[in-house]
Each structure stands twice: as structure tokens, then as C-alpha cells.
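Following: one structure in C-alpha cells, then a few remarks.
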Amino acid sequence: MPSNETNLLKHVAIIMDGNNRWARDRGLPPLSGHQAGADRLRDVIDLCDHEGISILTVFAFSSENWSRPKQEVGGLMSLFASSLRRYRKELVERNVRLKVIGRRDRFSARLNKLIAQVEEQTAQGIRTLVVAADYGGQWDIVQAARSLAEDVAAGKITSDEITEEKFQQEICLSEFPPLDLLIRTGAETRVSNFLLWQLSYAELFFTQCYWPDFDSHWFQKAVREYYRRQRRFGTNPLPEEPQQNMKVG
């Protein structure tokens, strides 16, 4: 349970890692792991609803994933499209809005059309599922910088008017509350070019569990850990915290 109203967990992001290793351990093809991961996402959406978490952002396909074997990439694109078709009615029924962030120019015209349709059909949802597809944190920052540079060149703003707040407006997820918690499954302890700007003061939770096995036990563990932490956003610790335990950040 939250310790105070200012610390409420509203926005969670997940790097859904470990699908391939989960499948390999079971002697299954890689795509089976990704399918199991897609099914797991449905369960986690329910868990977020139970915890009052209104925004869930997931890393589905990174900019770097294009370098994977062609057959695997093709399978992932097919799975993305089939999942959109399969779950769009369910998203509407469950009042979940879909928002896809990332580049779209490398997707097929058919997939882009499908994404736009599902986003429109779910636009009235009161909770939001953000899917980062062909996304990279460095790309996100560069496209924001390019947009502001174009505004300066066009005379819409001056360079002196570029602030952190104005830059934030050009970054993906700017329309949503700040990111509170990042969860990464699959035993890796890095952020892998995901939401680099947005992660500035988010809490991080890493687990050995592969994504298809990330059930309510692991989710609740991440939530409890979040509420145990003191979020200071660069300020001094609260008076009751021993000074010798003070950490930077």
C-alpha cells in the first residue's frame, strides 16, 4: 500500500525481456516465446488495473531489433499485427486506450493502417497501454532536438527559449504523467536505450524472471519495492532518515 498520496504509482514501464530464452529452455522456437509474452501482457494489464496504475508502457520492439535474423523480425511483425487484430475488441471492452510510440516509416503500409485503426477505436479508454515499437531513447531525444531546431530556423522560437520544459513537450510520452517505475525482466540490469529522457527519476526494478513467467507474484514484489523507496528527486533526505544512508539521486 502507498505510504502517502504524493507517491502514488501511476505510470509503469516494462522492458519485456527473456522471451527467446524462455522458449529455448523449453525446446520451442523463438516465436513461441514472443507469443507467450504477448499473452502475459494481458495479465499485467489486469494487475495494473487492480493497483490503480493508469498508464503501462511496454518495450515491444527496439530500433536495434531490426538487426535480428530476418525470419525472427518477420515473425515479430506478424505477431504485432495479429495481436492488434486479436485484442482490439478486448481493449475497447476493457476501456484501455492503445498508443504506439516510435518510428513508423519502417513498418509496412498495412501495419501502419492497422495501428492507426486500433488507436482510433480505443481512443476513449480511461487507462492507457503504450507500446514502444521501433523505438529508441536516443532516437526520441534526437527527433525532439530536430523539431526544436526547425522551430528556431523558422523563427517560431529563439534558441534562448529552449528549456527543459519545452524539450519535454517534444519527447514521446509528454502527454502522460512522469514515469514512476521501470521493470526489466530477464536478468539483465541495463535500460537498453529505452526512455532515456523519461527515466531521469524513475525507480528501477530488475528481476531474473523471464517475461512469460512474470506473474502476479513478481508484479506485486515490484510494486511493494516501489512503495518502500523514498523518492527525493535530487533533494535532501527526510529528517528521520539516517545521514549515513544518504545516497545521491
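The values are calculated or read from the model by the stated rules, or taken from the named source; none is laboratory data. These figures come from a predicted structure and were not determined experimentally. Please note: Cβ atoms are built from the backbone with ideal geometry, for glycine as well, and neighbour counts cover all protein chains shown.
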Would you please name the residue that is modelled with the highest pLDDT, looking only at residues in the stretch 1-15 that are out of contact with any strand residue (DSSP E or B) (no Cβ under 8 Å at 6 or more places or on another chain) and not hydrophobic (A, V, I, L, M, F, W, C)? Asn7
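If only one of Thr158, Thr128, Thr185 is in contact with a helix residue (DSSP H, G or I) (Cβ under 8 Å, 6 or more places away or on another chain), of a type in the set (Ser, Thr, Tyr) and under 27 Å from Met77 (Cβ atoms), which one is it?
On the way: Thr158 fails: under 27 Å from Met77 (Cβ atoms); Thr128 fails: in contact with a helix residue (DSSP H, G or I) (Cβ under 8 Å, 6 or more places away or on another chain).
After ruling out the rest, the residue left standing is Thr185.
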Name the residues in the stretch 21-31 that are surrounded by fewer than 20 Cβ atoms within 10 Å (Cβ to Cβ), at pLDDT 95 or above and assigned to a helix (DSSP H, G or I), would you? Arg21, Arg24, Asp25
Considering only the stretch 48-66, how many residues are more than 23 Å from Arg21 (Cβ to Cβ), in a helix (DSSP H, G or I) and touching a residue at least 12 places away in the same chain (Cβ under 8 Å)? 3
Could you pull out the residue among Gly102, Gly37 that is under 24 Å from Arg224 (Cβ atoms), surrounded by 13 or more Cβ atoms within 10 Å (Cβ to Cβ) and not aliphatic (A, V, I, L, M)? Gly37
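Could you look through the stretch 53-98, keep only residues that are among the basic types (Lys, Arg) and surrounded by 14 or more Cβ atoms within 10 Å (Cβ to Cβ), and pick out the one that is modelled with the highest pLDDT? Even if it seems obvious, please write down each step before you answer.
First pass over the stretch 53-98, keeping only residues among the basic types (Lys, Arg): 68, 70, 85-86, 88-89, 94, 97.
Now restrict to residues that are surrounded by 14 or more Cβ atoms within 10 Å (Cβ to Cβ): 68, 88, 94, 97.
On the way: Arg68: 89, Arg88: 94, Arg94: 94, Arg97: 98.
Across the stretch 53-98, the extreme among qualifying residues is Arg97.
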I'm checking my understanding of the structure. Among residues of the stretch 142-155 that are of a type outside the set (A, V, I, L, M, F, W, C), free of Cβ contacts under 8 Å to residues at least 24 places away in the same chain and surrounded by 12 or more Cβ atoms within 10 Å (Cβ to Cβ), which one is nearest to Glu170 (Cα to Cα)? Ser147
Out of curiosity, is Ile45 buried (at least 16 other Cβ atoms within 10 Å of the Cβ), out of contact with any Ser or Thr (no Cβ under 7 Å at 6 or more places or on another chain) and outside any helix (DSSP H, G or I)? no
If you go through the stretch 67-112 one residue at a time, how many are of a type in the set (Lys, Arg) and not in a helix (DSSP H, G or I)? 7
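I'd like to know if the stretch 134-141 contains one or more residues that are exposed (fewer than 15 other Cβ atoms within 10 Å of the Cβ) and farther than 21 Å from Ile15 by Cβ.
Going through the stretch 134-141, the residues exposed (fewer than 15 other Cβ atoms within 10 Å of the Cβ) turn out to be 138.
Subsequent filtering for residues that are farther than 21 Å from Ile15 by Cβ retains none.
For the stretch 134-141, residues exposed (fewer than 15 other Cβ atoms within 10 Å of the Cβ) and farther than 21 Å from Ile15 by Cβ: absent.
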Residues of the stretch 156-180 being assigned to a loop (DSSP other than H, G, I, E, B), buried (at least 16 other Cβ atoms within 10 Å of the Cβ) and charged (D, E, K, R), which ones? Asp180
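Scan the stretch 216-228 and tell me whether some residue there is assigned to a loop (DSSP other than H, G, I, E, B) and either among the charged types (D, E, K, R) or under 15 Å from Lys10 (Cα atoms) (or both).
Here is the first cut: in the stretch 216-228, the residues assigned to a loop (DSSP other than H, G, I, E, B) are none.
No; the residues of the stretch 216-228 include none that is assigned to a loop (DSSP other than H, G, I, E, B) and either among the charged types (D, E, K, R) or under 15 Å from Lys10 (Cα atoms) (or both).
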Among the residues of the stretch 114-130, is any polar (S, T, N, Q), surrounded by 15 or more Cβ atoms within 10 Å (Cβ to Cβ), more than 30 Å from Asn7 (Cα to Cα) and at pLDDT below 95? no
